[in-house]
1. Decide, for segment 23-109, between rounded, prolate and oblate: order the square roots of the alpha carbon gyration tensor eigenvalues as a ≥ b ≥ c, take rounded if a/c falls under 1.5, and otherwise choose prolate if a/b is larger than b/c, else oblate.
2. When the solvent-accessible surface of protein heavy atoms is calculated with a 1.4 angstrom probe, in what order do M171, M63, M229 fall, highest first?
3. Counting only other residues whose beta carbon sits under 13 Å from that of H408, what net charge do I get with K and R as +1, D and E as -1?
4. How big is the charge dipole of the chain about its Cα centre, in debye rounded to the nearest 20, if each Lys and Arg gets +1 on its Cβ and each Asp and Glu gets -1 on its Cβ?
5. With the Cα gyration tensor of segment 166-274 in hand, give its eigenvalues times 5 under a square root as the equivalent ellipsoid semi-axes, listed largest first in whole angstrom.
6. Please report, in debye to the nearest 20, how large the charge dipole of segment 57-303 is about its Cα centre when each Lys and Arg carries +1 at its beta carbon and each Asp and Glu carries -1 there.
7. Could you sort the peptides 286-293, 42-49, 411-418 by per-residue average Cβ neighbour count (10 Å cutoff), highest mean leading?
8. In Å, what is the Rg of the alpha-carbon atoms in segment 278-341, and how long is Dmax?
Amino acid sequence: MSFMEPFRIKMVEPLTSLTMEERIKILEHSGWNPFQVEGRHVTFDLATDSGTGALSQDQWAAMMQADEGYFYSRSFKKLEKCVKSLTGFQFMLPAHQGRAVEHLLFPILSKPGMTVFSNYLFPTTRGIADLVGLHAVDVPCQGSPDNSFNGNIDCERLKVELEKVGPEGAMVVLAVASTTPTGQPVSMANIQDLSKICSKFDVPLIMDGCRYAENAYFIKTRDKEYKNMTCKHIALKMFSYFDHVYVSAKKDGVYNTGGFLATNSEDVYNKVSGRMFYTEGFQTYGGLTGRDMEAMTIGLLEGIDDKFLQYRVESTRMFGDILKEAGVHVIDPIGCGIYLNGAKCLPHIPTCEYPAFALHCALYVSGGIRCAQLGDILKLDESNERENPKSQHILRIQIPRRVYTLSHMLHMRDIFKGIIEKRETISGMRVVDFTSSDYSAVLEPLNGKLFDE
Ligand code: F0G
């Protein structure tokens, strides 16, 4: 499908340019962990698309006209009107980001000991479920017909699980589209089936709508029933099947911060606004400034535009396709973001020597590229079974919105190609210090040098 960037560039930021030798020194000082490298030393930051997009002229202009009043400001009223019309819900509350809503909402909808079922809970959502004392159980489908909607939840298995716990014991969160494990969308049919099941069992159904707009685009382009509908209308239909929806505006809201809860339950609205007064702020700003709410309102509208979504999704797919042509092992199908199988990209490195980390370091050294490896260290797998999804050692590429151009992608493709061509020279890694997560781990190349040339 042909597409182009639906904008021209008005403000530019120079790209960092360092030599390979300089980057090796920086990486050494950062414990051979690209997450620890300072932003000023990164040329292409593909670690996340969360809050990292470029703003439009309309967003900047609206920020100048913001109303910074505490109670029912003009900026809040604009955001409220926008969210209500986008989602079709009667009540909305702003929040500083997605997880703030989860933190407020989950204790209101649940009691400790209950189970939260999901297609895939995002790690922070899982963490909040833990904090609140919920059991988190993922019931993902095992692929879908023609792999179009691999983010679907397994409705049959969910029914069995719900029979076991009963209506008092559960709630369901559907991540639409799911970020983990590989950014796959959810079909409208799956949402409809799930909604029927949740009504039958009388359990609340919540949408984690961080990537709701991209999901709507996948429905439009992969389900012929929806091909003539706008993404906005598809999204409205998606929302109509849920009891409550929360969205992180840092992704499909195309803003640097923010989020919201939307619901038709006055009771939930009252309880969440009561709690948020103590933790986030009054219900008419929820931790955001007036200018945040102005820019978020416009970002939400820009982010659901069909032309924008075509650029967003198709440019991601195109980048994935050219990486595949360059010999990179990209996990198919490409959904929201590009996920690489690090173990297959560097097959000479056993999985117990962290191939995704090694690939990540090689990308940083060769081209200043930062991605995100997801739980590589925790997946230490002595068996070295590369087909086993548990030992895929995934490296995630998320493309910030409206930031990098096609020629940047071609340039990055060349960096990847160079690495694949000399992959045999890349060393495995050893963990020197691992306290809590991949983000803070300290590693080193096994024989002291990343490239053995
Ligand atoms: N749910 C999903 C599916 C997410 O992808 C994220 C964040 C959240 C909830 C939390 O939202 O960051 O606004 O608090 N994902 C980011 C990422 C961090 O890099 O994919 P938040």
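The values are calculated or read from the model by the stated rules, or taken from the named source; none is laboratory data. Remember, predicted model here, so these are calculated numbers, not experimental data. Neighbour counts are summed over all protein chains in view; Cβ atoms, including those assigned to glycine, are modelled from backbone coordinates with ideal geometry. Remember, those area values only see protein heavy atoms, side chains included, never the ligands or the DNA or RNA. Shrake-Rupley method; radii C 1.70, N 1.55, O 1.52, S 1.80 Å.
1. It is prolate, given that a/c is not under 1.5 and a/b is the larger ratio.
2. These residues rank, largest area first, as M229, M63, M171.
3. Residues close to H408 contribute a combined charge of -2.
4. 940
5. 23, 18, 13
6. 300
7. 286-293, 42-49, 411-418
8. 18.0, 53
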